[in-house]
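These notes are about the structure you will find just below.
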Amino acid sequence: MTTQVTFRQADERDLDLLVELFDGAARWMVRSGIDQWKPGGKSAEHFRERIAGGEVWLASHEGRAVGAYELWWEDEQAWGPQPPVAGYVHRLMADREAAPAGTGRALLAHAEGRIAARGRAVARLDCVSSNPRLRTYYEAAGYRVVGEEPGKLAADGTRYGVTLMERPLTRP
């Protein structure tokens with residue numbers, strides 16, 4: 001069964017909604033004992049910059065926003081300088097109360113489709129090394145670990161470890 005969500009590119013009118021989705025996902029992580037995102041960790045300004053500098057996509061189900069993700073075309077912070085062969089998925093988030101089952105996979109599939117449509121052959125992402133549950137989720141979606149970056153720089157100046165993962169894509 002395919003999860004029925006529709007996608008549209010986010011714009012500045014969606015800033016509050018994106019912050020709300022992020023904070024909701026962060027609250028779920030805190031409640032679940034996952035030390036990763038924190039409520040208030042991404043502001044409207046963060047999403048404004050991501051919308052201006054790349055792609056941010058919203059997923060809806062039955063007229064309600066249920067998820068979002070950011071798609072970057074380079075990520076030197078985690079991956080270093082790279083040839084333009086990949087797209088980088090960030091901030092994959094689903095509303096744990098409203099999103100139908102399979103929304104996370106639908107978000108990933110949409111991102112992968114966008115990457116392939118741009119003529120790039122690899123979808124990449126990173127996940128916090130201290131979150132094995134998330135790593136397992138991405139592995140089940142076809143991603144494989146290709147490295148570690150022990151000192152990724154956070155916006156607040158601290159450093160943290162991430163697991164680098166990628167998935168080869170078939171062209172459309």
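Okay, here's what the table says:
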item	result
Hydrodynamic radius by Kirkwood, which averages 1/r over all alpha carbon pairs of segment 128-172, in angstrom	11.6 Å
Computed over segment 44-105, Kirkwood Rh from alpha-carbon pairs, angstrom	13.0 Å
Translational diffusion coefficient (Stokes-Einstein; Kirkwood radius from C-alpha pairs) of the chain at 37 °C, 0.692 mPa s, in µm²/s	201 µm²/s
Of all accessible heavy-atom area on the chain, the percent that carbon and sulfur account for (1.4 Å)	49 percent
Global geometry of segment 95-172, whether rounded, prolate or oblate, following the gyration tensor of its Cα atoms and the 1.5 cut on a/c	oblate
Helix-derived mean residue ellipticity, 222 nm - over the chain, DSSP H n ≥ 4, -39500 (n - 2.57), to 500	-9500 deg cm²/dmol
Per residue accessible area of the chain, 1.4 Å probe, in Å²	53 Å²
Cβ-derived FRET efficiency at R0 30 Å, residue 85 paired with residue 136, nearest 0.05	0.70
Label zone at residue 49, where the point sits 7 Å out along the Cα-to-Cβ direction: segment 146-160 residues whose backbone N lies under 20 Å	151-160
Tail fraction, Cα-Cα pairs, segment 1-68, threshold 19 Å, whole percent	38 percent
Calculated FRET value between residue 20 and residue 74, using beta carbons and R₀ = 30 Å, to 0.05	0.60
Among 99, 155, 44: highest mean-square fluctuation, GNM of the chain, C-alpha pairs under 10 Å	155
Exposure of residue 73 as accessible area (Å², to 10), given a probe of 1.4 Å and all protein chains	50 Å²
Normalised contact order of the chain, rounded percent, pairs of Cα under 8 Å and 6 or more residues apart	19 percent
Gain on full stretching of the segment that runs from residue 96 to residue 156 - 0.36 nm per residue minus C-alpha separation	18.9 nm
Computed FRET value (nearest 0.05) for residue 144 with residue 38, which takes r as the C-beta separation and R₀ as 35 Å	0.75
Choice from 18, 153, 71 showing the highest fluctuation, given a GNM over the chain with Cα pairs closer than 10 Å	153
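The values are calculated or read from the model by the stated rules, or taken from the named source; none is laboratory data. Keep in mind the model is a prediction, meaning the values are calculated, not measured. With ideal geometry, Cβ positions are generated from the backbone for all residues, glycine too; neighbour counts draw on all protein chains shown. These accessible areas exclude ligands, DNA and RNA; they are computed on the full protein's heavy atoms, side chains included. Shrake-Rupley method; radii C 1.70, N 1.55, O 1.52, S 1.80 Å.
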